[in-house]
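Written out below as structure tokens is the structure these notes cover.
The values are calculated or read from the model by the stated rules, or taken from the named source; none is laboratory data. This structure is a prediction, so every number in the text was calculated from the model and none was measured. For neighbour counting, all protein chains shown are included, and Cβ atoms are generated from backbone atoms with ideal geometry for every residue, glycine included. Areas reflect the complete protein model, heavy atoms only, side chains present, ligands, DNA and RNA absent. Shrake-Rupley method; radii C 1.70, N 1.55, O 1.52, S 1.80 Å.
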Amino acid sequence: LANLSEYDKISGMRIKLLGSSAGGGFPQWNCSCTNCRSLRKGELVGKPRSQSQVALSSDSKSWILLNASPDLRSQIESNSELQPSTTLEQTRHTPITSVILTNADLDHVLGLLLMRESQPIHVYATKSVRKILIEDNSMFKMLDQKQGQVTWTDLASEKSFEISGLVCTPYSIDAKYPIYVGSERAKELSPTEAVQALVIEDPKTKKRMAYLPGIAALDEDEMRNLNGGQGRTAREMGHIPMSGPKGSIELLSTLGPKLKKVFTHINNTNPVLNENGPEFKRVHDAGLTLGHDGMVFDL
Ligand SMILES: [Zn+2]
């Protein structure tokens with residue numbers, strides 16, 4: 001962070017939602033809930049969604065992925081910015097330079113296995129998340145077939161680092177590891193390395209985005225973090241619903257009125273996906289945005 005002037009050439013940060021659904025996507029393969037059924041029939045006023053994926057760039061040439069979705073292949077094919085350059089001589093290329101993992105959830109890491117084609121990639125994850133993938137799940141060794149294929153960098157809560165001209169700060173927000181890790185193994189892992197929220201700042205414009213996947217709760221300390229205040233870890237709680245008192249709609253609508261707040265990772269059964277329904281209207285009326293695949297923000 002010492003030489004911010006180094007990054008003076010950067011003009012802004014582009015954020016693209018490549019996928020906006022929770023694990024399973026929308027519609028989900030084995031689901032015939034009202035939403036999935038009416039979407040398949042073409043009767044829903046609403047959008048199909050691939051599984052949650054965010055990409056961001058400070059120059060619109062090289063891209064950082066926030067997590068790696070199981071739908072990454074089709075997301076790359078739907079977003080030309082993320083496809084191999086056609087002007088370079090080599091046939092193998094990707095504008096994707098790095099992946100920041102917020103946790104080890106399957107719908108956040110399976111996409112890494114799609115990127116195993118000896119393509120050099122830089123993956124940022126907490127030590128515990130890296131151990132779960134590399135030491136416990138032998139399939140992920142495919143990422144380490146060749147020296148220099150995947151470079152791992154440890155993430156630590158509240159330790160800022162520079163990435164492609166941006167500054168990223170992780171904050172530990174939940175101590176819960178995925179079910180597949182098992183309770184015995186989870187005991188050996190650090191509780192602060194399970195789930196990170198990411199605050200990413202463009203040092204030139206001072207514009208900042210926060211990514212809070214699978215957040216269990218938002219409290220005043222966390223809100224302060226998002227507003228650039230002192231960092232503290234969140235208490236461990238169950239998931240918060242969107243509606244109701246202390247639901248995410250109420251909490252987010254009171255957080256920094258000038259902030260743009262976007263819902264992503266939306267479950268296929270959520271009534272908010274019906275854009276003609278009262279839940280969608282409530283989100284809109286609270287000044288919040290329902291994210292959708294392909295949504296772009298420039299900061
Ligand atoms: Zn469904």
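Can you say whether Thr97 is without any contact (Cβ under 8 Å) to a residue 24 or more places away in the chain and surrounded by fewer than 23 Cβ atoms within 10 Å (Cβ to Cβ), as far as the supplied structure shows? Spelling it out, it is not the case that Thr97 is without any contact (Cβ under 8 Å) to a residue 24 or more places away in the chain and surrounded by fewer than 23 Cβ atoms within 10 Å (Cβ to Cβ).
Within the bounds of region 126-142, is there any residue that is in contact with a Pro (Cβ under 9 Å, 6 or more places away or on another chain) and open to solvent by 70 Å² or more (accessible area, probe 1.4 Å)? No: region 126-142 contains no residue that is in contact with a Pro (Cβ under 9 Å, 6 or more places away or on another chain) and open to solvent by 70 Å² or more (accessible area, probe 1.4 Å).
Confirm whether Thr86 is within 15 Å of the ligand (Cβ to nearest atom), open to solvent by 70 Å² or more (accessible area, probe 1.4 Å) and of a type in the set (Ser, Thr, Tyr).
Working: within 15 Å of the ligand (Cβ to nearest atom): no; open to solvent by 70 Å² or more (accessible area, probe 1.4 Å): yes; of a type in the set (Ser, Thr, Tyr): yes.
So Thr86 fails the test.
Considering region 22-33, the residues that are near the ligand (Cβ under 10 Å from one of its atoms) and of a type outside the set (Phe, Trp, Tyr) include one that is most open to solvent (accessible area, probe 1.4 Å), namely Asn30.
Scanning region 35-51 finds no residues that are of a type in the set (Val, Ile, Thr), over 30 Å from Val129 (Cβ atoms) and within 13 Å of the ligand (Cβ to nearest atom). If you go through region 34-51 and pick out every residue that is out of contact with any Pro (no Cβ under 8 Å at 6 or more places or on another chain), hydrophobic (A, V, I, L, M, F, W, C) and either assigned to a helix (DSSP H, G or I) or open to solvent by 30 Å² or more (accessible area, probe 1.4 Å) (or both), you end up with 1.
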